[in-house]
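What follows is a set of notes on a single structure, which appears directly below.
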Amino acid sequence: MKINKILFIIIFFTIILVFAKIALASTVEVDQGSQKINCDEDVFIQIPAETFYGNTNIKCESIKSYDGISIPKNAEMLSKIYNWQIIDVKNKKNIELFRKEIKINIKKTWQNQNENVYFYDLNTKNWLRLESVSQFDYLIAKPVMTGYFAVFGETTKNQQIDYATRIVYYIFTFCLIIIIGNIFFVIIKKI
Amino acid sequence: MKKNNLLIIAIIIAAALVLRLINLAYPNWQIFDEIYYYNFANDYLHHTYFFDVHPALGKLFITLGLLIFKGTLFGARFFTAISGTLILLFTYVLALKLFKNKIAALFALIIMFAETSLFVESRFALINIYIVLFALPAYIFFWQWRESGKNYFLYLSLIFISLSTSVKWTGLFNLMALFIFTLIDNKTRNYLFNLLKENYLKYLFIIFCCLSLPYLLFFIPEMLKGEHFFKWHTEAYLFHKNLTAGHPYASKWYQWFLDARPVWLEFRETVQGNIIGIIELGNPIILWLGLISIFSNIYFAIYYKNKALILLLLAIILNTLPWIDIKRVSFYYHFIPILPFIILSLSYSLYILWSKYKLKLLVITILILMITFFVWYWPLLNGIPISYKGYLNRIFFPGWI
């Protein structure tokens, strides 16, 4: 009877622990005082208190149309593309400055192990890697600017020949010949 | 001939200004220490308290830019770009004063133009360029005082030293250089002694005012946000003293001269496998030849008793010496205030090769090499995407990664 009781307690607590672990694994706690902006059920942005001056309107949503955004061919897109903006309510313009560290939290809904969060730079039309860490089944990145972001799987490095380097090597070699020639000329003159 | 010379100078300075202003708002996010300076400047505007270990003047320039250009990154970087261009002009004027030769001064201007780390420092909301902006006029006015004997040039020189110190305390190292030069140079020593003989209390008071008032004036914004003068100085000093934590881009003073450890202000991989990077790396052709020129100029300074070279060498030595003993973590950008003096030293050596040894082709080749390096590194000075291979091709040494 006693053994049965003990076994029951052990099994009961094991089940509780397993459930707790599963529940915790899919939860990322929001820091105290931080604002949570939901983009959808899988993605949210954490904004600490006093990150901006004045009243701001923060929006984040997944985008339906990829117009104006170049999608890389050599990388696997693992999430939707999201767009987030911070609008200064008073001046009605986008805010560029973050006074505190903002975190983008993306739930991993993919199997790929070598994933990274990238933001889209409209100037160069490039997806640039953000510093990101895995925490339970979330990927947490620190954005440097507002705009588009998404998760991509690891890509191969671009090994294209750099023609500028080839030209520079020719110039360097030519200059070196002139320098050596000049030194040689000075030595001969001295002799 | 005079018109041609002026035209060349104007073209070089205009080109430098255009290169500094072009696409200035890119990267359109804060990089490296901009995170701090941009925020501090914004805090000044919004009367929000913050503690920073550097005096206010450098940050006030960034604040002014934010005020004029309505809080944009372009605004934060604008005055750095303007200052980064002005230092070219100041270097030319200083070279002209010291060497009394337009060709030597032109060489100094071209080398300044081709210097990569000064270019990078001029394009972002960082404050090291402002130390140089005020240090160079201090030397110009000091030399003017030596040449003319008019005391107001000395006062102006001291005011500029004070302004340079109002950006970062390291600006004060220049005062040591000017003071030691005054003691070893007969002309300036006599000027100073005659001044003090006339009425030492009055002139010591004027000198004290020239050195302290501009610094105090630019400390007012700190006081307005609630800082106590002595408490702030104690805290800032203790911060520098105790800052011993390492950093991947930290470097020692001797590595600066060898161009051994640059600072990557930004480094990101793109999903297409390219690299977007901004490196604060000295132009190696300038730094390595500059180092050789220091040794050759020690010979010229001693053998020919060339006072201009003695002043330059003192400026290099006394701006470097404190860093040998300073225990805090140091970076390549601490070398920025020393760099113009190395460039002046190199320009004099090139001038000697040009005029004394008639090696004009050699000098032109060296200048072409410097400019070629600058152009080749252009993508990594501005964060323009390049292929991974292109990035690797530009890394000469493991220390550059």
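Could you say which residue among B:Y351, B:Y304, B:Y333 is within 17 Å of the chain's Cα centre (by Cα) and aromatic (F, W, Y)?
B:Y333
Among the residues of the stretch A:70-80, which ones are within 12 Å of chain B (Cβ to nearest Cβ) and surrounded by 11 or more Cβ atoms within 10 Å (Cβ to Cβ)? Reasoning before the result, please.
Within the stretch A:70-80, the subset within 12 Å of chain B (Cβ to nearest Cβ) is A:70-78.
Result: A:S70, A:I71, A:P72, A:N74, A:A75, A:E76, A:M77, A:L78.
Determine, yes or no, whether B:T188 is among the hydroxyl-bearing types (S, T, Y) and within 19 Å of B:Y130 (Cβ to Cβ). Talk me through it step by step, then tell me what you get.
On the way: among the hydroxyl-bearing types (S, T, Y): yes; within 19 Å of B:Y130 (Cβ to Cβ): no.
When the stated conditions are applied, B:T188 does not pass them.
For the stretch B:299-401, list the helices (runs of 4 or more DSSP H) that sit wholly inside it and hold at least 2 residues that are under 18 Å from B:L178 (Cα atoms); which are they? Step through it out loud before you land on a result.
On the way: elements: B:307-325, B:339-355, B:360-382, B:388-393.
Once the helices (runs of 4 or more DSSP H) in the stretch B:299-401 are filtered for at least 2 residues that are under 18 Å from B:L178 (Cα atoms), what remains is B:307-325, B:339-355.
Note down all Cβ pairs under 6 Å where the first residue falls in the stretch B:228-245 and is closer than 17 Å to B:Y49 by Cα, the second is surrounded by 13 or more Cβ atoms within 10 Å (Cβ to Cβ), and they're at least six residues apart or on different chains.
Sorted first by the residue in the stretch B:228-245, then by its partner, the pairs are B:A236/B:V53.
If only one of B:I326, B:I292, B:I366 is within 30 Å of A:K189 (Cα to Cα), of a type outside the set (F, W, Y) and surrounded by fewer than 18 Cβ atoms within 10 Å (Cβ to Cβ), which one is it?
Working: B:I326 fails: within 30 Å of A:K189 (Cα to Cα); B:I366 fails: surrounded by fewer than 18 Cβ atoms within 10 Å (Cβ to Cβ).
Selected residue: B:I292, the only one of B:I326, B:I292, B:I366 that is within 30 Å of A:K189 (Cα to Cα), of a type outside the set (F, W, Y) and surrounded by fewer than 18 Cβ atoms within 10 Å (Cβ to Cβ).
Among the residues that make up the stretch B:262-272, is at least one of them closer than 30 Å to B:L362 by Cα, crowded, with 16+ Cβ neighbours inside 10 Å and at pLDDT 95 or above?
Looking for residues that are closer than 30 Å to B:L362 by Cα, crowded, with 16+ Cβ neighbours inside 10 Å and at pLDDT 95 or above, one finds at least one in the stretch B:262-272, hence yes.
For the stretch A:54-69, what are the residues that are among the small types (G, A, S) and either in a loop (DSSP other than H, G, I, E, B) or within 9 Å of another protein chain (Cβ to nearest Cβ) (or both)? Explain how you work it out, then say what you get.
Kept after step one, since they are among the small types (G, A, S), are these residues of the stretch A:54-69: A:54, A:62, A:65, A:68.
Hits for the stretch A:54-69 are A:G54, A:S65, A:G68.
Which of the residues that make up the stretch B:1-37 are under 18 Å from B:W264 (Cα atoms) and not in a loop (DSSP other than H, G, I, E, B)?
Result: B:E34, B:I35, B:Y36, B:Y37.
Would you mind telling me which numbered condition in (1) more than 10 Å from chain B (Cβ to nearest Cβ); (2) under 20 Å from A:K100 (Cα atoms); (3) of a type in the set (S, T, Y) A:T146 fails?
Condition not satisfied by A:T146: (1).
Please identify the pairs in which a residue from the stretch B:341-352 that is over 14 Å from B:I87 (Cα atoms) has its Cβ atom under 9 Å from the Cβ atom of a residue that is acidic (D, E), counting only partners at least 6 apart or on another chain.
As it stands, the answer is none, since no pair meets every condition given.
Please tell me if B:A108 is among the hydrophobic types (A, V, I, L, M, F, W, C), within 26 Å of B:L314 (Cβ to Cβ) and buried (at least 23 other Cβ atoms within 10 Å of the Cβ).
Working: among the hydrophobic types (A, V, I, L, M, F, W, C): yes; within 26 Å of B:L314 (Cβ to Cβ): yes; buried (at least 23 other Cβ atoms within 10 Å of the Cβ): yes.
Considered against the rule, which asks whether it is among the hydrophobic types (A, V, I, L, M, F, W, C), within 26 Å of B:L314 (Cβ to Cβ) and buried (at least 23 other Cβ atoms within 10 Å of the Cβ), B:A108 comes out as yes.
With the requirement that a residue be surrounded by fewer than 20 Cβ atoms within 10 Å (Cβ to Cβ) and more than 9 Å from chain B (Cβ to nearest Cβ), what does the stretch A:110-124 give you? Break it down into steps so the answer makes sense when it comes.
If we filter the stretch A:110-124 for residues that are surrounded by fewer than 20 Cβ atoms within 10 Å (Cβ to Cβ), which is where we start, we get A:110-114, A:122-124.
Matches in the stretch A:110-124: A:W110, A:Q111, A:N112, A:Q113, A:N114.
Enumerate the pairs (first residue in the stretch B:354-375 and more than 7 Å from chain A (Cβ to nearest Cβ); second residue anywhere and among the hydroxyl-bearing types (S, T, Y)) with beta-carbon separation below 9 Å, excluding pairs fewer than 6 apart on the same chain, so at least 6 apart or on different chains.
Qualifying pairs under 9 Å: B:V363/B:Y351; B:F373/B:T116; B:F374/B:T116.
Conditions first: (1) more than 11 Å from chain B (Cβ to nearest Cβ); (2) buried (at least 18 other Cβ atoms within 10 Å of the Cβ); (3) not basic (K, R). A:Q135 passes all but one, so which condition is the exception?
Result: A:Q135 fails condition (2) only.
Just checking, does the stretch A:100-108 include any residue being touching a helix residue (DSSP H, G or I) at 6+ places or on another chain (Cβ under 9 Å) and either of a type in the set (F, W, Y) or more than 17 Å from A:K142 (Cβ to Cβ) (or both)?
For the stretch A:100-108, residues touching a helix residue (DSSP H, G or I) at 6+ places or on another chain (Cβ under 9 Å) and either of a type in the set (F, W, Y) or more than 17 Å from A:K142 (Cβ to Cβ) (or both): absent.
Got a number for residues in the stretch B:7-50 being under 16 Å from B:I127 (Cβ atoms), of a type outside the set (D, E, K, R), touching a helix residue (DSSP H, G or I) at 6+ places or on another chain (Cβ under 8 Å) and more than 9 Å from chain A (Cβ to nearest Cβ)?
5
The values are calculated or read from the model by the stated rules, or taken from the named source; none is laboratory data. In this text, all values refer to a predicted model and were calculated from it rather than measured experimentally. Please note: Cβ atoms are built from the backbone with ideal geometry, for glycine as well, and neighbour counts cover all protein chains shown.
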